[in-house]
Amino acid sequence: MPAVDVIDETFLAVPPGIVAAAFADPGTWRRFWPDLRLEVYADRGEEGLRWTVRGALVGTMEIWLEPVLDGTVLHYFLRADLPPGPTARRGRLAREKTRRQLAAKAVALDLKAVLEDGRKPGCPPGN
């Protein structure tokens, strides 16, 4: 089992294609995850992306975009270990997992704020 295993889900009230477009530019990845080097191994279009991860962590990461009602559930998965080197201490791993959980939610909520563009809860797009 990977040392850092993070799962997050956030509903965005926009279609999957709009969310997918937010992840299309690799420059965006560097902004979201500046200490990770990502390489796409599966581009699933409007269903999301899968990457291999190197840098501060080594493993895999995925965003899966699930159409739900009039929006998208952004599923985020990160399964990784610290890079080879001195044995990591248990406390460091716990802090790293918490840091990555908070970062995943921050990315999702930032996208939600930008992509929903002030859409009021319960209202259709454009109202």
Handout entry: segment 4-116: relative contact order as a whole-number percent, Cα under 8 Å and 6+ apart
Key = 35 percent
Practice task
Using R₀ = 25 Å, calculate the FRET efficiency as 1/(1 + (r/R₀)^6) where r is the Cβ-Cβ separation of ARG37 and ARG99; round to 0.05.
Solution key: 0.90
Practice task
Among PRO84, PRO121, ALA106, pick out the residue whose Cα is farthest towards the positive end of the charge dipole of the chain, where Lys and Arg carry +1 and Asp and Glu carry -1 on C-beta, about the Cα centre.
Solution key: PRO84
Handout entry: At R0 = 22 Å, FRET efficiency that the Cβ-Cβ distance of THR52 and ILE18 yields, to 0.05
Key = 0.30
Problem - Order of MET61, MET1 under a 10 Å beta carbon neighbour criterion, fewest first - result: MET1, MET61
Fill in the blank from the handout: Reduced to Cα centres, the span from segment 38-79 to segment 1-31 in Å works out to 6 Å
Exercise for the section: Report, in debye and to the nearest 20, how large the dipole of the chain comes out about its Cα centre when Lys and Arg carry +1 and Asp and Glu carry -1 on their Cβ. Expected result: 760 debye
Exercise for the section: Specify the angular offset, from 0 to 90 degrees and rounded to the nearest 10, of the alpha carbon long axis of helix 90-116 from the longest principal axis of the alpha carbons in the chain. Expected result: 20 degrees
Handout entry: Under 21 Å from the Cα of LYS120 - lysines, other chains or at least 8 residues apart
Key = LYS105, LYS112
Practice task
Over 25 Å, how big is the tail of the calculated P(r) for segment 4-116, in percent of all Cα pairs?
Solution key: 20 percent
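Each value in this text was obtained by applying a stated rule to the coordinates, not by laboratory testing. Note that the coordinates shown come from a computational prediction; the quantities given were computed from them, not determined experimentally. So basically every Cβ, Gly included, is an ideal-geometry build from the backbone, and we count neighbours across all protein chains shown.
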